[in-house]
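The values are calculated or read from the model by the stated rules, or taken from the named source; none is laboratory data. In this text, all values refer to a predicted model and were calculated from it rather than measured experimentally. Glycine also receives a Cβ, built like all others from the backbone with ideal geometry; neighbour counts cover every protein chain displayed.
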Amino acid sequence: MTDRAPIGVFDSGLGGLTVVRSLLDLLPHEPILYFGDSGRFPYGPKPRDEVLKCAIEVADQLVDAGARLVVVACNSAAAAALDTLTERLPVPVVGVIDPGVRAALRVTTTRRVGGIGTVGTIASGAYQRVAARLDPSIELVCAACPGFVEFVEAGDVDSDQIHVLAERLLAPVREREVDALVLGCTHYPLLARTIGDVMGRDVVLVSSADETAFTVRAMLDPHADPAAPAVAPRFVTSGDPAQFRRLGARFLGPEVDAVEAWSWS
């Protein structure tokens, strides 16, 4: 790729590619190493200790591969492991929860904000804690959305089935008349059209991807040459490389070319 050390990014599958997209758009000259742990997908329903174990193992692999910064592009992993990874790793660690909440605080006018995520993320209380720390006056309404991630990983983002599921799962936040909705899972931006249809045009959908990319840029060398040539990202998966390439190209673009296989055994 380049002599420069890469930015390491990981998720339980394809969802973190939304963060990679923002990083590529904002920092095209930075090498990126993405690890999709599809072989152990999904993280969301797993017990916290198991998610923590998975996150540590993947983060260690990224550091061993030379990553100079690690982005936990998975809300479930960030909720379970961000503090541990920050203390454990010899490089800076960036999560997606704080950036998402900060972005929502900027756009809300009613001070009623919704947050959706996997069962594990919502049950962890991570979003509630961050919102209370950043602005105690915010009314945060959270709802778990089991099944969303599985639809995205299957490549189904706009069928009647996912629309019916969204109508049911989003009902609690709709009823509270929020004016901003944090998509608290990196898979969810891929469902933005369906979620937007259900929530209505008056609700701003907030993805943490762009805000996370800005956070990463602020942490990198300010003297890096912005005119340097673009660098192709590198992709590794613990699942099926062919499936990752097919669905990844659909969601990220032509940058998903070669995909390397990784086995935990």
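Side notes on the structure shown:
- Verdict on I56 being surrounded by 15 or more Cβ atoms within 10 Å (Cβ to Cβ) and within 22 Å of V149 (Cα to Cα): yes
- Among the candidates F251, F244, the residue that is closer than 17 Å to V152 by Cβ, surrounded by 17 or more Cβ atoms within 10 Å (Cβ to Cβ) and modelled with pLDDT under 90 is uniquely F251.
- For the stretch 171-188, filtered to residues that are in contact with a Cys (Cβ under 9 Å, 6 or more places away or on another chain) and in a helix (DSSP H, G or I), the residue that is surrounded by the fewest Cβ atoms within 10 Å (Cβ to Cβ) is P172.
- Residues that are outside any loop (DSSP other than H, G, I, E, B) and not hydroxyl-bearing (S, T, Y), drawn from the stretch 18-30: V19, V20, R21, L23, L24, D25, L26
- Tally, over the stretch 148-185, of residues that are under 17 Å from R250 (Cβ atoms) and of a type in the set (D, E): 4
- Figure legend. Inter-residue proximity from the stretch 59-83: first residues of a type in the set (V, I, T), second residues surrounded by fewer than 19 Cβ atoms within 10 Å (Cβ to Cβ) and not in a helix (DSSP H, G or I), beta-carbon distance below 7 Å, spacing 6+ or different chains. Indicated pairs: V63/L89; V63/P90; V63/V91; V70/L89; V70/V91.
- Scan the stretch 1-17 for residues that are outside any loop (DSSP other than H, G, I, E, B) and more than 12 Å from the chain's Cα centre (by Cα) and the total you get is 2.
- Any hit, the stretch 36-50, residues being of a type in the set (A, V, I, L, M, F, W, C) and either surrounded by fewer than 18 Cβ atoms within 10 Å (Cβ to Cβ) or under 11 Å from F10 (Cα atoms) (or both): no
- Taking the criterion of being polar (S, T, N, Q) and more than 17 Å from the chain's Cα centre (by Cα), the residues of the stretch 120-151 that qualify are Q128, S137.
- Within the stretch 179-212, the residues that satisfy the criterion of being farther than 18 Å from V107 by Cα and hydrophobic (A, V, I, L, M, F, W, C) are C185, L190, L191, V198.
- A Cβ distance below 8 Å, combined with a sequence gap of six or more or placement on separate chains, defines the contacts here; from the stretch 181-199, residues that are assigned by TED's automatic domain parsing to the domain that holds R102 and farther than 23 Å from A78 by Cβ reach residues that are assigned to a helix (DSSP H, G or I) and of a type in the set (V, I, T) in the pairs T194/I162; M199/V173.
- With respect to the conditions (1) part of a helix (DSSP H, G or I); (2) assigned by TED's automatic domain parsing to the domain that holds V71, R168 lacks only one, and its number is (2).
- The set of residues from the stretch 129-164 being free of Cβ contacts under 8 Å to residues at least 12 places away in the same chain, assigned to a loop (DSSP other than H, G, I, E, B) and more than 24 Å from D179 (Cβ to Cβ) comprises A154, D156, S159.
- Qualifying residue in the stretch 138-153 (condition: surrounded by fewer than 15 Cβ atoms within 10 Å (Cβ to Cβ) and touching a strand residue (DSSP E or B) at 6+ places or on another chain (Cβ under 8 Å)): yes
- Number of the condition not met by R217 [criteria: (1) closer than 28 Å to H163 by Cβ; (2) in the same structural domain as A78 (by TED's automatic domain parsing); (3) among the basic types (K, R)]: (1)
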